[in-house]
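Let me begin by presenting the structure, written as structure tokens, before commenting on it.
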Amino acid sequence: MTTNLKTTFAGLKLNNPIIAAASPLTATAEQCVELEKAGVGAIVIKSIFEESIAHNSQELSDMLSHGEEVDYLDGYIGEQMVSEWKNSLVSIKAACSIPIIASIACRSIETWERYARTASEAGVDALELNLMNVGRCTRHTPYGEIEHHLAHTVEVVRKNTSLPIIVKLASNMTNPAALVDRLKACGANGVVLFNRPYPVDIDIEKREYTTGQVLTSAYNLATPLRWTGILSAEIPAMDYALSGGVQTWQDIVKAVLAGASAVEICSALYHKGIDYVAEMKQGLEEWQQNHFEESIDTYRGRMNASKGQYAKDLLRAQYLHFKS
Ligand SMILES: Cc1cc2nc3c(=O)[nH]c(=O)nc-3n(C[C@H](O)[C@H](O)[C@H](O)COP(=O)(O)O)c2cc1C
């Protein structure tokens, strides 16, 4: 039986479901060419962060000891950063033939608009919105405000680009189903479950915050797997990519069975090197052959919550019947 790994995610046609997630491994055209050669289906370019502008201009201002010039430097550094980013997207697009996804992380609505337009002009294939809401969780933030803000962001970006919009969602949402439904209505074409905030730890001797586990392990798969299974049943019109804890080809099979069209991987590439992609593809292909699955589409979502027997497992939250 002939099988293939082709899939579609957020309107993008991919040769296989392995997307290199945004990280320092996807920053330059040279790296992207190597990733394409290694066999990934698409690449999300390392995010551009609006907050880097403030950070860089403060550093420069401190160096020049002219505190009052920070505003001016913001404008200057901002221009420079966006122009370099655009050039880099153009060169990555020219060097690669697989879909290239630009990733943006902004604070102000004006910047979301501007970066969305710039990425479109650079000719990338899709836009990923790197959304985090840790900083917005205060006791003064009314219920629903964060969701409203995310939906508004997607609406604004949609007005500024005709590219497919992929939303990389934080995992700490109250009701991801209602949110994804709204994001779909606002013009999002795909959702990544989930974004991963920078990990913290504590050095208990120095009483300092340190960096936690930067790279994930198999343990991290459980949360995105559950929500892919639930959301792909609740809002089947949305496309899903699972991100977080995918370390092996078996994890990709699980992601697809739960309802994902693709996976966005990063830690596995750090742990095992980019040549590991070929092994993942081979494992996936052999599994499909052994299980008579012609393509990703034939088993995508087969184990999501739309089937009663699987809903029971996915919705089980308490350790009620756990036996050690
Ligand atoms: C070193 C490092 C840098 C990252 N940089 C970004 C980034 O620029 N933008 C982004 O959206 N995600 C970023 N991520 C998150 C990854 O894209 C990915 O979603 C996350 O690591 C979960 O996937 P994994 O379990 O395969 O690592 C980064 C992750 C790591 C480890």
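Of note:
- Number of positions in the stretch 18-43 that are within 15 Å of Leu284 (Cβ to Cβ), within 13 Å of the ligand (Cβ to nearest atom) and assigned to a loop (DSSP other than H, G, I, E, B): 1
- Filter result for Ala42 (closer than 22 Å to Arg196 by Cβ and in contact with a strand residue (DSSP E or B) (Cβ under 7 Å, 6 or more places away or on another chain)): yes
- Only residues that are part of a helix (DSSP H, G or I), β-branched (Val, Ile, Thr) and under 30 Å from Ala151 (Cβ atoms) were counted across the stretch 75-121, and they come to 5.
- Condition check for Met303: within 16 Å of the ligand (Cβ to nearest atom) and either in contact with a helix residue (DSSP H, G or I) (Cβ under 6 Å, 6 or more places away or on another chain) or part of a helix (DSSP H, G or I) (or both): no
- Filter pass, Leu257 being away from the ligand (no atom under 15 Å from the Cβ), assigned to a helix (DSSP H, G or I), in contact with a Pro (Cβ under 8 Å, 6 or more places away or on another chain) and hydrophobic (A, V, I, L, M, F, W, C): no
- Taken over the stretch 166-183, residues that are touching a helix residue (DSSP H, G or I) at 6+ places or on another chain (Cβ under 8 Å), of a type in the set (Val, Ile, Thr) and outside any helix (DSSP H, G or I) amount to 2.
- Taking the listed residues Pro224, Pro199, the one that is crowded, with 22+ Cβ neighbours inside 10 Å and within 16 Å of the ligand (Cβ to nearest atom) is Pro224, with no other qualifying.
- Members of the stretch 184-242 that are of a type in the set (Val, Ile, Thr) and assigned to a strand (DSSP E or B): Val191, Val192, Val200, Ile202, Thr210, Thr211
- One residue alone among Val256, Val200 is more than 30 Å from Ala122 (Cα to Cα), free of Cβ contacts under 8 Å to residues at least 40 places away in the same chain, in contact with a Phe, Trp or Tyr (Cβ under 7 Å, 6 or more places away or on another chain) and β-branched (Val, Ile, Thr), and that residue is Val200.
- Qualifying positions in the stretch 142-169 - closer than 24 Å to Ala262 by Cα, free of Cβ contacts under 8 Å to residues at least 40 places away in the same chain and hydrophobic (A, V, I, L, M, F, W, C): Leu150, Ala151, Val154, Val167, Leu169
- Pick from the stretch 89-109, criterion among the polar types (S, T, N, Q) and surrounded by fewer than 24 Cβ atoms within 10 Å (Cβ to Cβ), ranking: nearest to Glu50 (Cα to Cα): Ser108
- Gln289 meets the stated requirement of being over 20 Å from the mean Cα position of the chain (by Cα) and in a helix (DSSP H, G or I).
- Qualifying positions in the stretch 286-302 - at positive phi and loosely packed, with under 13 Cβ neighbours inside 10 Å: Phe292
FYI, it's all coordinate maths here, none of it is from the lab. Computed from a predicted structure; not experimentally measured. Every residue, glycine among them, receives a Cβ derived from its backbone with ideal geometry; neighbour counts consider all protein chains shown.
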